[in-house]
Amino acid sequence: MDAFLILEDGQVFKGKSFGAKKEVICEVVFNTSMTGYLEVLTDPSYQGQGVVMTYPLIGNYGVCLEDAESVKPWHSAFIVRELSRTSSNFRSEQDLEAYLIANDIPGIQGVDTRAITKILREEGCMGGMITTNPDYDLNEILPKLKGYQVKDAVKTVTRKEKEHFPGEGLKVALLDLGTKNNIAKSLNKRGCDVTVYPAFTAAEEILGDQPDGIMLSNGPGDPKECVSIIEEIKKLYDSDVPIFAICLGHQLMALANGADTRKMRFGHRGGNHPVKDLATGRVYISSQNHGYVIKKESVPKNLAEISFINVNDKSIEGLRYKGKNVRTVQFHPEASPGPVDTAYLFDEFIEMMKGAKNA
């Protein structure tokens, strides 16, 4: 069946439908990862978005549910150059199309993903629609696409109740802003006893459980929408409990302390983004997924120092807060998909907690 990807600038790409047969409007973004399509699909940070995979062949190793980063995929749509007709992997439990059908996610294949990516790089991420209706009316559709915004993103993806992942070591409170499974796993692997809290949990409840450290997770949407969460994060910051924050958590911590954020033209999404540690000069390859960034000029000099920058565009990739046991990064040290170059940051968090506990 023919399918059409319509962008808000009026450009239309014709391809073939796969996955669920439904019409959707979403924000169209691109991801440059060469593997890990299941981890990309199940990353809650993509809530409300249709993802263009720049790697041309997707689905060739099927779906292994053990690799999923959350309970379900969050994409609104999946856009690929070619969907593999067969999947070959001893761990595969089903093929990708069956997985998308089961989770009611439409896809389009056979479109020029390189051309789409160039458009998004030049014009910025934009609203888009996938439809199988050949009689679409651009005059009716385009105003809807131009007005599309991802709303209530964190509220949509966060868990409803606390969840405990037992360990014998330090107690970590993980605030679920749209967390990936591998964050809790990375802490568990290091012996931590992890309790995951819904995003709108009061700071008093978290601190009342007397954690040795607090993690703020990744998540979707505009960080400035998270007004009530930002207020609670400021209380966590003031508590002096060691904090490590990733992605959206990194942005919310900055907003809680008077800095500002902005939307990027096309964001950073993929497993191959270089970041530079300003303390050592060393460059790491990182996994990233974000469309917003902290404004450099907005960070008070007496508040924090920049610890990492993006090698490509010099944007902030990490902050080290002065006089506090608070470290935040924009990229994903837990990876999935992507390299594990920066996984050592979890070890530094462990040492930070131990230091605070023994002080």
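The values are calculated or read from the model by the stated rules, or taken from the named source; none is laboratory data. Since the model is a prediction, treat every value here as computed from it, not as a measurement. All Cβ positions, glycine included, derive from the backbone under ideal geometry; neighbour counts span all protein chains shown. In case anyone asks, the SASA skips ligands and DNA or RNA and just uses the protein heavy atoms, side chains included. Shrake-Rupley method; radii C 1.70, N 1.55, O 1.52, S 1.80 Å.
Taking each residue of region 63-78 that is closer than 25 Å to GLU23 by Cα and looking for partners that are basic (Lys, Arg) and buried (at least 23 other Cβ atoms within 10 Å of the Cβ) with beta-carbon atoms closer than 9 Å, six or more apart or interchain, yields SER70/LYS180. Screening region 1-66 for strands (runs of 3 or more DSSP E) wholly inside it with 2 or more residues that are open to solvent by 10 Å² or more (accessible area, probe 1.4 Å) returns the ranges 2-7, 12-19, 24-31. Only a single criterion out of (1) within 30 Å of LEU38 (Cβ to Cβ); (2) open to solvent by 30 Å² or more (accessible area, probe 1.4 Å) is not satisfied by PHE244, namely (2). Could you tell me whether any residue of region 115-124 is open to solvent by 20 Å² or more (accessible area, probe 1.4 Å) and under 27 Å from ASP67 (Cβ atoms)? Within region 115-124, none of the residues are open to solvent by 20 Å² or more (accessible area, probe 1.4 Å) and under 27 Å from ASP67 (Cβ atoms). Please tell me if ILE108 is in contact with a Phe, Trp or Tyr (Cβ under 6 Å, 6 or more places away or on another chain) and part of a strand (DSSP E or B). Against the criterion (in contact with a Phe, Trp or Tyr (Cβ under 6 Å, 6 or more places away or on another chain) and part of a strand (DSSP E or B)), ILE108 does not qualify. Listed by first and then second residue, the pairs with beta-carbon distance under 7 Å, at least 6 apart or on different chains, first residue in region 158-177 and without any contact (Cβ under 8 Å) to a residue 40 or more places away in the chain, second among the polar types (S, T, N, Q) and outside any strand (DSSP E or B), are PHE165/ASN188; GLY167/ASN188.
Restricting region 160-180 to residues that are within 17 Å of THR201 (Cα to Cα) and small (Gly, Ala, Ser) leaves a set whose member that is surrounded by the most Cβ atoms within 10 Å (Cβ to Cβ) is GLY178. Taken over region 80-96, the residue count meeting the criterion of being open to solvent by less than 60 Å² (accessible area, probe 1.4 Å) and farther than 15 Å from THR35 by Cα is 1. Inspect all residues belonging to region 252-261 and state whether any of them is closer than 13 Å to TYR321 by Cβ, under 18 Å from the mean Cα position of the chain (by Cα) and touching a residue at least 60 places away in the same chain (Cβ under 8 Å). Taking every residue of region 252-261 in turn, at least one turns out to be closer than 13 Å to TYR321 by Cβ, under 18 Å from the mean Cα position of the chain (by Cα) and touching a residue at least 60 places away in the same chain (Cβ under 8 Å).
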